[in-house]
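Have a look at the structure below before the remarks.
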Amino acid sequence: MPDTPPDSSHARNGEAAPGLPRPVRQPTPSAAGPGLAHAGASRRRLRILTWHVHGNYLYYLSQLPHDIAVVVRPGNPPGYAAPGDALPWGGNVHTVAGDALAHERFDCILFQSRVHYDRDQYELLTPEQRKLPRIYLEHDPPQEHPTNQCHWFQEPDGILVHVTPFNALMWDSGITPVQVVEHGVIVPDDVRYTGEKDRGIVVVNHLERRGRRLGADIYARVRRDVALDLVGMDAQASGGLGEIANLALPGFMAGYRYFFNPIRYTSLGLAVIEAMHVGLPIVGLATTELATVVRNHETGYVDTDVARLVQVMRQLAADRELAAEWGANARRHARERFGIERFVADWQAVLDAATHGTSLAQPDLAHATSAPPRQDLPTRRQA
């Protein structure tokens with residue numbers, strides 16, 4: 001099974017609304033995504049069927065100028081929850097009951113988890129619906145084996161979308177065409193770094209339960225040497241502060257001196273990217289895609305030596321000016337690489353290819369060599 005539970009660390013989910021699902025609203029020309037209604041305006045408006053796997057990612061996906069139908073079940077169980085009130089969903093996001101899918105019209109299917117692909121398409125969709133254009137959005141790197149696991153979505157006429165070049169590199173995607181669509185996020189312009197707290201912020205959901213792969217042991221070790229605050233679902237189990245509401249998190253992070261990511265092996269966290277957009281320098285392990293995102297001595301610091309990371313965190317805690325300098329660089333880099341406009345354009349290209357047969361560019365792995373080589377520990381720049 002892919003590592004995509006509703007509480008995954010790289011997509012902080014919106015809270016599911018209690019009770020029965022809302023009635024499906026028919027799409028209208030004015031029900032555009034809230035942020036980018038103009039994007040792709042010349043294209044036909046699509047009705048995309050998907051599931052609520054990662055709330056924040058679904059919210060960013062809803063910035064596309066298409067209608068998104070989310071499969072729900074009574075009681076909002078994991079994987080079938082209605083988008084709740086934690087995020088400002090636009091009028092283009094609708095819900096449809098699982099037992100009513102056969103009576104609905106869709107233009108393409110967007111799978112995001114194996115159970116939905118293996119089971120729901122046969123139990124809930126008609127044979128005609130199963131012939132629709134199909135895209136699989138894989139949120140994670142392989143879990144069973146880092147290099148030899150073959151992805152279960154083996155469809156030469158489908159498209160397998162990976163969210164980082166690292167994930168695409170590690171998965172054996174087999175006969176399925178592959179495209180990389182890197183994250184894009186929205187952080188209000190007025191939420192900016194202040195850094196008055198001389199401590200770091202860590203954002204991981206259910207860290208205690210998810211253990212070593214998510215860096216529970218690294219967090220426990222590092223917090224003995226530097227001041228850290230952990231937030232996320234069930235953070236209290238690891239001595240943290242608890243969960244912060246989705247929309248409040250960027251502003252909450254802004255007061256911390258730096259962001260620390262203890263995770264050994266997972267996809268690139270949306271919280272990391274949001275922290276960069278705010279203007280926090282990033283400190284973390286030089287593993288997975290993070291190694292290409294953080295530029296040492298410029299936007300933060302990554303290394304596989306935890307002792308060196310502790311030294312850098314101590315330096316940032318003691319030097320607010322240096323932290324602000326690195327954070328400003330991180331913000332510029334995040335706006336260039338992880339802007340929502342680029343994200344929308346990339347997804348539009350995928351949808352065009354799936355529904356109209358247009359050509360897709362080969363995955364761009366240029367970022368994979370963008371990180372500078374390891375250097376000595378940072379020092380203050382001379383005036």
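Any read-out appearing in this document is the output of simple, stated calculations on the displayed coordinates, not a laboratory observation. These numbers were taken from a predicted model, which means no experiment stands behind them. Glycine also receives a Cβ, built like all others from the backbone with ideal geometry; neighbour counts cover every protein chain displayed.
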Mean separation of Cα contacts under 8 Å (at least 6 apart) over the residue count of segment 75-200, i.e. the relative contact order in percent, is 17
Please list, ordered by chain and number, the residues whose modelled amide H lies under 5 Å from the amide H of residue 155; skip anything fewer than 5 residues away on the same chain. 176
Please identify which residues in segment 211-234 have an amide N closer than 14 Å to a label point set 7 Å out from the Cα of residue 325, following the Cα→Cβ vector. none
Quick one: the Cα spread of segment 147-288 along its three principal axes, in angstroms, biggest first? 52, 35, 24
Work out, step by step, the length gained on full extension between residue 148 and residue 236: first 0.36 nm times the residue separation, then minus their alpha carbon distance; give nm to one decimal. 28.0 nm
Segment 113-179: relative contact order as a whole-number percent, Cα under 8 Å and 6+ apart: 32
J(HN,Hα) series, segment 122-137, from Karplus relation 6.51 cos²θ - 1.76 cosθ + 1.60, nearest Hz, glycine and proline x: 8, 8, 10, 9, 7, x, 5, 5, 6, 8, 5, x, 10, 10, 10, 9
The computed P(r) of segment 258-352 puts the percent of Cα pairs beyond 15 Å at 59
Residues with amide H under 5 Å of residue 199's amide H, sequence separation 5 or more or different chain, H placed in the peptide plane at 1.01 Å from N; which? 257, 258
Measuring from label point to label point, each 7 Å out along Cα→Cβ, what is the residue 336 to residue 119 span in nm? 4.6
Below 8 Å between Cα atoms, with a sequence gap of 6+, how large is the relative contact order for segment 197-336 in percent? 24
